[in-house]
1. What's the total number of residues in region 48-64 that are in contact with a Phe, Trp or Tyr (Cβ under 9 Å, 6 or more places away or on another chain) and farther than 22 Å from Ile202 by Cβ?
2. Quick check on Arg42: is it open to solvent by 40 Å² or more (accessible area, probe 1.4 Å), part of a helix (DSSP H, G or I) and at pLDDT below 80?
3. Test Gly153 against the criterion of being modelled with pLDDT under 85 and either closer than 30 Å to Leu123 by Cα or under 11 Å from the mean Cα position of the chain (by Cα) (or both), and give yes or no.
4. I need the helices (runs of 4 or more DSSP H) fully contained in region 146-234, keeping only those with at least 2 residues that are crowded, with 16+ Cβ neighbours inside 10 Å.
5. So, of the residues in region 107-128 that are in a helix (DSSP H, G or I) and without any contact (Cβ under 8 Å) to a residue 24 or more places away in the chain, which turns out to be farthest from Val93 (Cα to Cα)?
6. Could you tell me whether any residue of region 242-254 is open to solvent by less than 20 Å² (accessible area, probe 1.4 Å), in contact (Cβ under 8 Å) with a residue 40 or more places away in the chain and more than 14 Å from the chain's Cα centre (by Cα)?
7. Looking at Val88, Val32, Val93, which is the one that is more than 23 Å from Leu196 (Cβ to Cβ) and over 18 Å from the mean Cα position of the chain (by Cα)?
8. Here are some conditions: (1) at pLDDT below 80; (2) in a helix (DSSP H, G or I); (3) exposed (fewer than 14 other Cβ atoms within 10 Å of the Cβ). Pro131 meets all but one. Which one does it not meet?
Amino acid sequence: EPQIDLGGLRKFGFGALVAALYAFLLAPLAIVIFASFSPDERNVYALSQASLRWYREFAASGNFTAAFEFSLWLAAVASVIATAVGFVTAYSVMRFLGRRRATGQALAMLPMMVPHILISLSLLLVLTRFPLPELAALVIGHVLICLPFTIAGIISSLESVDPDLEAAAHTLGASRLRVLFEVTLPLVAPGLLSALIFSFIISFGDVDIALFLSGPGMTTLPIEIFSFIQWQSSPVIAAITTVQIVLIVLFGLAVERLVGLRAAMRI
């Protein structure tokens, strides 16, 4: 009698389950992308009637393009600051704390455990007590939510750097600062870039911080989208969302190319 390969059936069933879960998770994104090519406002899609009308409307909209440019600027500034601070923090945790390294890393990860809305409210209360510019508070808020991810990614890269290389440079007479710039930084450069990209994505898509701290002329793209859909519905939102999806996918591919997503996301 032919015997049933139970191991093969289990693998097939598990693969089918994973495929179904991925299809379930990605279906909304596919619907949004298809809707962005709708020829009219009905949010329908027909391959023969695909249109770039809503992408042109996005490009012609002053409010959306201004919010998009401001979001790009804010994400760039916040990600650069978060990566710089994250490197200093990660280097200090890995090289100076010794046995207390795990405790230092856990403390550095605390902003990841605090809801973004609480960070927003805290910064809002700071604005009522101190004459801090709203733009500065917005940048600080974005840096805070990006910082744990940059620290985690850079620590992951520093773990792969052999401390003996730094010790050898010290032995040859190099100062700690010179070792940092000529030995450590080149070795962790891919990790730094991946941390920069991740923090850019997080800052660019933030809603909570911007919702509480945005002022006149400082509206980010997610907030502009949120305000728009409160009063009307249009496939232009699908077009804007598709542009963001493409950007995130490109950034994700860049991280995978540099260090691999598994290594970059390891905490």
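1. Qualifying residue count for the region: 10.
2. No: the conditions fail for Arg42.
3. Here the answer is yes, as Gly153 does meet what is asked.
4. So the answer is 163-171, 185-204, 208-213, 221-229.
5. Thr128
6. Scanning region 242-254 turns up at least one residue that is open to solvent by less than 20 Å² (accessible area, probe 1.4 Å), in contact (Cβ under 8 Å) with a residue 40 or more places away in the chain and more than 14 Å from the chain's Cα centre (by Cα).
7. Result: Val32 is the single residue among Val88, Val32, Val93 that is more than 23 Å from Leu196 (Cβ to Cβ) and over 18 Å from the mean Cα position of the chain (by Cα).
8. Exception for Pro131: condition (2).
The values are calculated or read from the model by the stated rules, or taken from the named source; none is laboratory data. None of the values given here were measured: they were computed from a predicted structure. Glycine also receives a Cβ, built like all others from the backbone with ideal geometry; neighbour counts cover every protein chain displayed. Note: areas computed on protein heavy atoms with side chains; ligands, DNA, RNA excluded. Shrake-Rupley method; radii C 1.70, N 1.55, O 1.52, S 1.80 Å.
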